[in-house]
Amino acid sequence: MNPNSQPFFSGARAGVSPSYEVLKEEHEVSVLGGPQSSTAARTTVINIQADTVVPDHIVWSLFNTLFFNPCCLGFVAFAYSVKSRDRKMVGDVIGAQSYASTAKCLNIWALVLGLLVIVAVIIAVAVFSASALNRGYAGSYHLPQD
C-alpha cells in the first residue's frame, strides 16, 4: 500500500469524520491500481433472519372470553395468549410457541363448545315453542269467564 496513506481512524485528524477517511482510503486504493474485481471478491453477504413470527391468538382469546366462555376455556386461553406474548417480548421463541399452541387449542375447544351450546339452545327453544303451539298454549291468553 502507499506509504503516504492515512490510517483508518486517525487520531491526528479529529475534525474529519471516519466515513470521509474510509471513502478517501477506498479512492486511493482504486487510483493506485488495485484489482477492479476486488469488491466482488471481498463482498460478504450476511443473512440476518427476522424475528420468527409467533401468533399469540390474543384477539381470538379475548373474543372467546367475552362471547364463548364455556367452563372458562376462553379465559384460560386468554391467559395463555398473554403468556405467549410475554415470552415473545422477552425473546423466548420456543416458550412463546408452546404457550401459543396451548392457547390455540383452548380457543378451538372454547369456540366449538360455545357454538354447540348456542345450537342446543336454539334447538331447545324451537322444540319447546313447537310443542307449545301444538298444545294450544302459545298466544292464547284466555281469561277465565265467570
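Any read-out appearing in this document is the output of simple, stated calculations on the displayed coordinates, not a laboratory observation. Just so you know, these numbers come straight off a predicted model, no measurement behind them. Neighbour counts are summed over all protein chains in view; Cβ atoms, including those assigned to glycine, are modelled from backbone coordinates with ideal geometry.
Of the peptides 99-108, 114-123, the order by per-residue mean of other Cβ atoms within 10 Å, starting with the highest, comes out as 99-108, 114-123. Across the range 78-89, rounded Karplus estimates of 3J(HN,Hα) from the backbone phi angles (6.51 cos²θ - 1.76 cosθ + 1.60, θ = phi - 60°) give 5, 5, 5, 5, 5, 4, 5, 5, 5, 5, 5, 5 Hz, Gly and Pro being marked x.
Expressed in nm to one decimal, what extension gain is obtained for the pair Cys71 and Asn134 from 0.36 nm per residue of sequence separation less their Cα-Cα distance? Don't jump to the answer; show the numbers that get you there.
Values: separation 63, 0.36 × 63 = 22.68 nm, distance 3.57 nm.
Result: 19.1 nm gained on full extension.
Subtracting the Cα-Cα distance of Ala126 and Val82 from their residue separation scaled by 0.36 nm leaves 11.9 nm.
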